[in-house]
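Have a look at the structure below before the remarks.
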Amino acid sequence: MTASRPGIDVPDHRGRTGLDRTGRDLDRNPDVRVTDVEVLASAWHVLRRTTLEYRGPAGEWETQQRETYDRGNGATVLLYDPRRRTVLLTRQFRYPVYVNDHPDGVLVETAAGLLDEDDPATAIRREAAEETGVDIGELEHVWDVYMSPGSVTERLHFFAAPYDGSVRTGDRGGLAEEGEHIELLEPAIDEALAMIRDGRIQDAKTIMLLQWAVLDGPFAAGR
């Protein structure tokens, strides 16, 4: 008798089943056929090994295997004060960068988080409130970007929104019950760009949004 498999044929600790079905019904690309999906880990997010057949330029089919990490999709927002020409950023410890050569693992970032069951706009308003404690103005959609397409399935929705820095109080944010200990930074946009140049900002989404802000966004010449 086959043992029950949490996350596959019985609910796991997050109530999920069928984690091995993801990708099996994909048919949008006639040159790709998924033949098997194996769940390698699902303690929180899901690591899968997928076997697929890929038809190359010469027309011959070849078998490939790919491991993907599925943590859901997310959203991020650049909070900016147009009058004071400042941006509101977070600073928090990130173990994955710490274990990969970052000096102390503490990254400066734009507010961000997973969508969970919300749409991107609702999710980023929630995350911005939790991480920074400020009320934000009208959201401007910037891009939807795959940040690490070689192995991570996440698509990140990018936004920008104004805030009123003159009424901001406190210099910390985050939810302690979720292990979030966030310091808030409020550099001028020119200082934020300098932080990119000298390596104080090394987070990709943050660099992208800050550069957008001066090229096409709220701090662009003539806007």
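The values are calculated or read from the model by the stated rules, or taken from the named source; none is laboratory data. If you're wondering where the values come from, they're calculated on a predicted model, not measured in any experiment. Neighbour counts are summed over all protein chains in view; Cβ atoms, including those assigned to glycine, are modelled from backbone coordinates with ideal geometry.
For (1) on the phi > 0 side of the Ramachandran plot; (2) modelled with pLDDT of 95 or more; (3) surrounded by fewer than 14 Cβ atoms within 10 Å (Cβ to Cβ); (4) of a type outside the set (Phe, Trp, Tyr), each residue gets a yes or a no:
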position: Val10; (1), (2), (3), (4): no, no, yes, yes
position: Asp25; (1), (2), (3), (4): no, yes, yes, yes
position: Pro30; (1), (2), (3), (4): no, yes, yes, yes
position: Arg33; (1), (2), (3), (4): no, yes, no, yes
position: Arg48; (1), (2), (3), (4): no, yes, no, yes
position: Arg55; (1), (2), (3), (4): no, yes, no, yes
Selection over the range 85-117 where residues are in contact with a strand residue (DSSP E or B) (Cβ under 9 Å, 6 or more places away or on another chain) and outside any helix (DSSP H, G or I) yields a count of 22
* Asked: Can you spot a residue in the range 103-121 that is closer than 29 Å to His13 by Cβ and of a type in the set (S, T, N, Q)?
  -> no
Subset of the range 29-78, residues without any contact (Cβ under 8 Å) to a residue 60 or more places away in the chain and acidic (Asp, Glu), comes to Asp31, Asp36, Glu38, Glu53, Glu60, Glu62
Scanning the range 81-132 for residues that are of a type outside the set (Val, Ile, Thr), in contact with a Phe, Trp or Tyr (Cβ under 7 Å, 6 or more places away or on another chain) and buried (at least 19 other Cβ atoms within 10 Å of the Cβ), the one farthest from Ala192 (Cα to Cα) turns out to be Asp81
Would you be able to say whether some residue in the range 66-73 is of a type outside the set (Gly, Ala, Ser), surrounded by fewer than 13 Cβ atoms within 10 Å (Cβ to Cβ) and modelled with pLDDT of 95 or more?
-> yes
Test result for Val145, crowded, with 19+ Cβ neighbours inside 10 Å, assigned by TED's automatic domain parsing to the domain that holds Ile196, touching a strand residue (DSSP E or B) at 6+ places or on another chain (Cβ under 7 Å) and at pLDDT 95 or above: no
